[in-house]
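One structure is given below, encoded as structure tokens.
The values are calculated or read from the model by the stated rules, or taken from the named source; none is laboratory data. Since the model is a prediction, treat every value here as computed from it, not as a measurement. Please note: Cβ atoms are built from the backbone with ideal geometry, for glycine as well, and neighbour counts cover all protein chains shown. Note: accessible area is taken over every heavy atom of the protein model, side chains too, but ligands, DNA and RNA are not part of it. Shrake-Rupley method; radii C 1.70, N 1.55, O 1.52, S 1.80 Å.
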Amino acid sequence: MRKLKILKSLIDFIFIVYSLMVPFLIIGIPTVFFMTEQSSFKILGLDFNVGTSIISKVFVAIFLLVYVLVYNAIYKFRIVLTEFVRTKVFSEKVIMNLKGIGNLLLISGILMIVARVGLKLTTTSVINFDFGVGTHYLTICFGLFFLVLSEIFRTSKELKQENDLTI
């Protein structure tokens, strides 16, 4: 139980930090489309080279949207941890939020790959595939993990209900 409270505190801190950045990300998505000249900027440790073409602007907007999706996944994870603290482990709320987290992380990982390849293609006309352990691959893995965890909790809930009905 102590480790759960530590995890909840850590996720709450990350959520608060992300909450400070999300308004700037939401404002940044439409702002990208109003840039008229090629510019370069750095957000969250990533360098962006935005060209004048609409395609490069779309890829940068997708990249910024990914961070908003991850923020939503962190919010859902806070809800799950709150239910765990209340010892409501097999509630429908937990199962639906775990599935939501998995879907959001899976979509985020795929969009990260698409945006990264698209930006490289539009700015340098070169496609590079790196097969190291990148954040986009880990995000996809975590998304699949949460989807599997959701199914495990759903099956456990059904088994618990059957066990409660057994005399």
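Structural remarks
- Annotation: of all residues in the stretch 62-72 being out of contact with any Ser or Thr (no Cβ under 7 Å at 6 or more places or on another chain) and within 25 Å of I16 (Cβ to Cβ), the one that is surrounded by the most Cβ atoms within 10 Å (Cβ to Cβ) is F63.
- Some residue of the stretch 33-45 being at pLDDT 65 or above, under 26 Å from D12 (Cα atoms) and open to solvent by less than 50 Å² (accessible area, probe 1.4 Å): no
- Scanning the stretch 101-128 for residues that are touching a residue at least 60 places away in the same chain (Cβ under 8 Å) and open to solvent by less than 40 Å² (accessible area, probe 1.4 Å) yields a total of 2.
- Test: residue in the stretch 1-16 that is open to solvent by less than 50 Å² (accessible area, probe 1.4 Å), among the small types (G, A, S) and modelled with pLDDT of 75 or more: no
This table checks each residue for (1) free of Cβ contacts under 8 Å to residues at least 40 places away in the same chain; (2) out of contact with any Lys or Arg (no Cβ under 7 Å at 6 or more places or on another chain).
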position	(1), (2)
I62	no, yes
L65	no, yes
N72	yes, yes
F77	no, yes
V85	no, no
K93	yes, yes
K99	no, yes
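Conditions tested, residue by residue: (1) assigned to a helix (DSSP H, G or I); (2) modelled with pLDDT of 95 or more; (3) charged (D, E, K, R).
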site	(1), (2), (3)
F63	yes, no, no
Y67	yes, no, no
L105	yes, yes, no
R116	yes, no, yes
F131	no, no, no
H136	yes, no, no
L149	yes, yes, no
